[in-house]
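Take a look at the structure below.
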Amino acid sequence: MTLLFAGMAVATEATATTGRWWWGGVVGVLWLASLFYMINRGYGRTLLAPDRIQFSTLVSRRATPWSEITGIEPRSHQTRGGAWWEVRVYRARGRSLAIPGIFTSRRGDEVFEGNLAVVREYWARATAPE
């Protein structure tokens, strides 16, 4: 991704006429935004508590009670560069949330599947009738 943005910046600067210099800045800002997104997703953490799941990223903290969750499912993304999977929490109200720190680019990744099983186990225990 970095090479793509660097190539775009160089091509823009090399072909730009006077007054179109700002394109290089736009490409640089987009590159920084995508870099921050990848770092934020990769270094996020998830805390599984008996009563809630808590998401922590570089810029946000969010807790959702297990009782508000209606599903926990892996979601695949297909791109030109390949495929990757993440785990999403579906809530009764509101949009679904990606669980930070649980994603992979390999099909059949045992660590990914193990983490998904642990999250589902916590959810099943918390929502089981007593």
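Every read-out reported here was derived from the displayed coordinates using simple, explicitly stated rules and does not represent laboratory data. Everything numeric here is computed off the predicted structure, so don't read it as measured data. Note that we place each Cβ from the backbone using ideal geometry, even for glycine, and neighbour counts take in every protein chain shown.
A few remarks follow.
- Stretchable slack from Phe36 to Leu58, in nm (0.36 nm times residue separation minus alpha-carbon distance): 7.0 nm
- The local environment of Ala83, defined by Cβ-Cβ distances under 10 Å, has a net charge of +2 under the rule Lys, Arg +1 and Asp, Glu -1.
- The C-alpha radius of gyration of the stretch 44-127, expressed as a fraction of 2.2 N^0.38 Å, stands at 1.09.
- Amide H to amide H, with H built 1.01 Å from N, Gly101 comes under 5 Å of Gly44, counting only residues 5 or more places away or on other chains.
- R0 of 35 Å, Cβ-Cβ distance Tyr43-Glu121: FRET efficiency to nearest 0.05: 0.90
- Within the shell defined by Cβ-Cβ distances under 15 Å, the residues around Ala63 carry a net charge of +4, with Lys and Arg each +1 and Asp and Glu each -1.
- Extension gain for the segment Ser76 to Ser96, taken as residue separation times 0.36 nm less the Cα-Cα distance, is 5.8 nm to one decimal.
- Think of the stretch 44-127 as a dipole: +1 on every Lys or Arg Cβ, -1 on every Asp or Glu Cβ, centred on the Cα centre; then among Ser56, Gly94, Leu116, Gly94 lies furthest on the positive end.
- Local electrostatic count, Arg120, Cβ distance below 14 Å [Lys/Arg +1, Asp/Glu -1]: -1
- For the pair Trp84 and Glu130, label points projected 7 Å from Cα toward Cβ lie 4.1 nm apart.
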